[in-house]
Structure formats: C-alpha cells, structure tokens
Amino acid sequence: MSRPLTIALTFDLDPDVFDESISPTEARTKISWRGVSEGIPMIRERLAALGADCGVEPKPSWFVRVDNQIEAIWGRPGYLLEAYADLFRTIEAAGEEIAWHPHLYRRTDAGWAQETDPAALTKAMERALEDMRALGYAPRTGRIGEAYGADALMAAFDQLGVAYDSTAMAGRKRVDAERTIDWEETPHRAYRPSCADHRIPGAPSRNVIELPMSMLKVRADYDSEPFLRYLDLSFHPRAVQPGLEALIASADYLITVTHPSAFLAGLAPPGGHGLVAFDIAALEANFRAILDAAARCGRPVRFSTISALGDECAALMGEVRP
C-alpha cells in the first residue's frame, strides 16, 4: 500500500461576495456574513454526516478575517470573533481549528489596495494578532488574503510566534491592478522559506513553515483550457474531478481552500457561475471524489487540522538551520 495521505479541509471566512467574478466591485460594498452565520453550521453538519458514512473524521480549520480593514469598518480587528462568539467557541470545543486570515490593505482615494510597505505590513499584523489574542485565540497558522506574499510577512510570522503559513499558490503568478500573486517558483510541498526569498526554501531560513495550498488543473465552463487553481470543494465537480487522481498520486498532503458562502444558493450570480457551484451538494460530491481517488491510488487517508498537518511536516524537517 502507498503512503498515507493527510487531508486538511480549510475554509476562508471572507465576506459573502469574495471575488470579482461573483459580483462587480461596485456591488461589493454591501458586506454580509451569511457564509459565517449560515455556511459554517451547514458545512459542519454535512461533514459530520459524510464522516460517519465514509468512516473518517473530518477536522476543518476555519481561517477568520482579523485585520485592519475589519477594524476600519466594524471597530476592531477581531469583530467576527466577538460578533459570532458562541459559534467560534462551539467550533473550538469540538476540536476544530481557529486560524488567522488577515487581508492587509491600505486606504486609497478609490477604496482599498494591497499594502506592500514592510513596516506597515508588520504593524498591521501585530495589531490584528494582539486583538485576536485578547479575545482568547492564539492561532498557530495564518493565511494572507489574496495570496499576497512578501519577505516581511514571513519575518513577521516568526516575530509573532505563528508557526505555519498557508498562503502560497505554488506555480501561480498574477501581477496586475487587482492581484499581486507571485508563487511561480514555489514547490508543491511544505518548506521553510529562505530569508532571501519567501517563495522558495533555502538557508538561512525562517522558522515559519509554509504549507502551500493543493493546486491542480481545473477547467471552468468559461475556460478554453484547464487552469492551475487551488483545490476548492465548492467548485463544480465536473471542473475538479478530472485532475484529482494525478494530484493525489503525487501529493505529500492535501490542503483544500473554500469560502463557505460559495455553498449558499441564494448568493449565486444571475445565471449561475461557471466555476463555483453555490450548492452544498458540491461539497459531498468533491469530498467523495477525493476519497475515491485516494482509494484508486492505494493511499489511506486521514483528516487533520491545518496546524496538526504543520506539526507533521515540522517533525519531518527537523529544527530550523541557520
């Protein structure tokens, strides 16, 4: 039998309209959090049923927005943790993980833009994490919004004592007016980032361990050819499943990334979406497809929180080398 496959199911708790393809920018000023209030309970219920039926124990990790943009709009970085306190305490008591998902923006005349100044990035991270800890949460894993990466971010993770980051979209690069994603040279496996270049391993290295998201070729209805995207349980199964077996055959682990609001039918754009299903049935179909593909590859699966997966990777890597 082949080596076991550890799977971490992760969910980014962004506002319901989380992408330009779902609703144009001018409509995204109407911020709502149904993905938190309705999506999380629905996902937890469906995963529990799937686990019981498939003989596995899913352990989701919830990446909560805690950052300066949330503070500017709602008064404190940890607003969501305070507003939905009962829900997050229930999650934590069940052994699921509360992780950290800061979007690090700066105000502009046009609204918000990605912050790139190293000192400002560090300051924003310090303030957000301080508030998160004041609310009783000590996240061990972070994921920077919009997959933005920088050497200063990795240094800040070390300084703040956050052991793991799961921001990298290995193999992807998109630098334009909307996104600054640059992980083209990044390996599809866990690594300690080089102090000289956060995108690759190397010595001297940071203490933080980068856990790249699982990437595979996905063909949306509007694509002429399959396109490298992260493994998302909310995508139409027809888009995800053709690339699953090749991914699972070679992957060290699986990290899925999903926005809970992407399962809420009422949030779909008119006429539907060519990639995101907006249907909880996609969760079940993709979940079962992953298990089926793993079985065909002869890989027994186990589910893990994101930081527990990080602990496994850290044990294999050993101590950081100067």
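The values are calculated or read from the model by the stated rules, or taken from the named source; none is laboratory data. Given the structure is predicted, the values throughout are model-derived calculations rather than measurements. Here the Cβ positions follow ideal geometry from the backbone for every residue, glycine too, while neighbour counts run over all protein chains shown.
For the condition modelled with pLDDT of 95 or more, closer than 20 Å to ILE43 by Cα and touching a Pro at 6+ places or on another chain (Cβ under 9 Å), PHE287 qualifies. The criterion of being farther than 26 Å from GLU312 by Cβ, among the aliphatic types (A, V, I, L, M) and surrounded by fewer than 17 Cβ atoms within 10 Å (Cβ to Cβ) does not hold for ALA249. Check region 163-177 and report whether any residue there is under 21 Å from ALA138 (Cβ atoms), without any contact (Cβ under 8 Å) to a residue 24 or more places away in the chain, out of contact with any helix residue (DSSP H, G or I) (no Cβ under 6 Å at 6 or more places or on another chain) and assigned to a loop (DSSP other than H, G, I, E, B). The answer is no, given that none of the residues of region 163-177 is under 21 Å from ALA138 (Cβ atoms), without any contact (Cβ under 8 Å) to a residue 24 or more places away in the chain, out of contact with any helix residue (DSSP H, G or I) (no Cβ under 6 Å at 6 or more places or on another chain) and assigned to a loop (DSSP other than H, G, I, E, B). For region 298-317, the set of residues classified as of a type in the set (A, V, I, L, M, F, W, C), part of a helix (DSSP H, G or I) and within 19 Å of LYS59 (Cα to Cα) consists of ILE306, ALA308, LEU309, CYS313, listed by residue number.
Taking the criterion of being assigned to a helix (DSSP H, G or I) and either modelled with pLDDT of 95 or more or more than 18 Å from SER304 (Cα to Cα) (or both), would at least one residue in region 3-26 satisfy it? For region 3-26, residues assigned to a helix (DSSP H, G or I) and either modelled with pLDDT of 95 or more or more than 18 Å from SER304 (Cα to Cα) (or both): present. Answer with yes or no whether ALA281 is within 19 Å of PRO60 (Cβ to Cβ), loosely packed, with under 15 Cβ neighbours inside 10 Å and either at pLDDT 95 or above or among the aromatic types (Phe, Trp, Tyr) (or both). Against the criterion (within 19 Å of PRO60 (Cβ to Cβ), loosely packed, with under 15 Cβ neighbours inside 10 Å and either at pLDDT 95 or above or among the aromatic types (Phe, Trp, Tyr) (or both)), ALA281 qualifies. Highlighted here are the strands (runs of 3 or more DSSP E) found entirely within region 49-140 that include at least 3 residues which are out of contact with any His (no Cβ under 9 Å at 6 or more places or on another chain): 97-100, 105-108. Screening ILE306 on (1) at negative phi; (2) at pLDDT below 95 shows it passes everything except condition (2).
Of everything in region 54-76 that is small (Gly, Ala, Ser) and over 15 Å from THR258 (Cα atoms), the residue that is nearest to the chain's Cα centre (by Cα) is ALA72.
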